[in-house]
Amino acid sequence: MSHQNLKGWLEEYAENSLSAEMTQDLEQHLAMCRDCQEQLRTIRLTANILRASSLAEAPAPAAGFALSVFLAIEQQRENYFFWSPLRLVALKAVPLMTVLAIALGFLAYTQITSELNAQQLTEEPLLETSLELSSKWGQEAAAVFSEQISQDKEQVVSTLLEAETLPQEVGKESK
Amino acid sequence: MTVDKELIQRCQQGDQAAFELLVKKHERRVFGLVYQMVRQPSEVEDIAQEVFTKIYFSLPQFRIEASFEAWLYRITVNQCYDYLRKRKREAQVTESDLSDEEAAFFERFGSITQPRHLDISKRLEIRQTAERLLSVLPPKDRSLLILKEIEDLSIEELTHVFKSSASAIKLRLFRARNQLKAVYEKNRKREKGKQRV
């Protein structure tokens, strides 16, 4: 067994809870390992410090200690039973409220998206008709405009022709 | 079935007399551990009372197959942590010098549980030095060492109290012991330095 493995058993060795075989293996290793010897020394030194700190006797419980415990229980019982169900309800309410909030959020989301979809479906034909209308109006306007232009053009040509013919006619008359 | 388990089952059925027996059976142990942890004799009874009150109200949820002692130790240690946290008188690194006699006492490997050869004043001195050395450790490490060395709990039992694996407990013990030894050696060196002067 490796040094690290054996070092890991030093606590059990110090508390005498190792098997005879393990104890023998560890003692053989301890005889030649300074690191493990030092760690065992640390375990024993600190154990002694702890035991020395406990040399003073702890205060002994008074004869009526159990009775004082019952009195403390009675004092706390009211608070405990008053608060306990409320606390339990509050603790249970937190996950319940979270689930409810998520469910409500989901519902609201689906409602909004479905309404938006419905709106889009009704809005699209309107858009089409408006586009169609606008194109019709555009066509009509263009037709009116082109008609006006052609009429104007004819008028201009006729006035030009008239202007050309006038001096000739004046000349003929003077001759 | 052990006496504890029988008493717990009776308590769980609402038998107040069984709870009184349970308190009487374990009160000394709780007083001892509380005293080791807080070192204030006047506070021990109040803290112990809190421990048993908590046990009373938590008994209905206690699983009968679990270790009652480990549970009792855990509640006691946690109650002491609460008290120490409130008091905030933690880890005061003390400058105490160790005399040769005290050092010889700590390094005399073997049982020192009842050093009858020491007079009362010497015992008090040694105990106070040990307490000063221990005060450098944080409460979690101190409670671990107290349960290991004073309450004589095995590594296996400590795994139930602290709900940790054996390797984690050993690692914590290793660190706590080395920290305590470092303080001990620092104090020894100072004392030796003084002697040379």
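Throughout, read-outs are computed from the coordinates displayed, never taken from laboratory work. Predicted, not measured: the structure shown is a model, and the values here were computed from it. Please note: Cβ atoms are built from the backbone with ideal geometry, for glycine as well, and neighbour counts cover all protein chains shown.
Angle, helix B:120-134 long axis vs. longest principal axis of chain B, Cα atoms, 0 to 90°, nearest 10? Relative to chain B, helix B:120-134 is tipped by roughly 80 degrees. Going by alpha carbons, how many degrees (0 to 90, nearest 10) lie between the helix axis of B:166-196 and the longest principal axis of chain B? Helix B:166-196 and the main axis of chain B meet at about 30 degrees. Shielding by partners for peptide A:59-66, expressed as the average number of C-beta atoms from other protein chains within 10 Å of each residue's C-beta, is 6.
Take each residue of peptide B:52-61, count the partner chain Cβ atoms within 10 Å of its Cβ, and average: the result is 3. Using only alpha carbons, region A:1-53 has a radius of gyration to Kirkwood radius ratio (Rg to Rh) of 1.00.
Mean partner shielding of peptide B:151-159, defined as the number of other chain Cβ atoms within 10 Å of each residue Cβ, is 2. Treating the angle as unsigned and between 0 and 90°, give the value, to the nearest 10°, between the Cα long axis of helix B:68-87 and the longest Cα principal axis of chain B. Relative to chain B, helix B:68-87 is tipped by roughly 60 degrees. Taking a ≥ b ≥ c as the square roots of the eigenvalues of the Cα gyration tensor of chain B, is the shape rounded (a/c under 1.5), prolate (a/b larger than b/c) or oblate? Taking the square roots of the gyration eigenvalues as a ≥ b ≥ c, chain B is prolate.
Rounded to the nearest 20 debye, the dipole magnitude of chain B is 840 debye, with +1 charges on Lys and Arg beta carbons, -1 on Asp and Glu beta carbons, and the Cα centre as origin. Scalar couplings 3J(HN,Hα) for region B:51-60, obtained by applying the Karplus form with A = 6.51, B = -1.76, C = 1.60 to θ = phi - 60°, are 4, 5, 5, 4, 4, 4, 6, 9, 4, x Hz; x denotes Gly and Pro.
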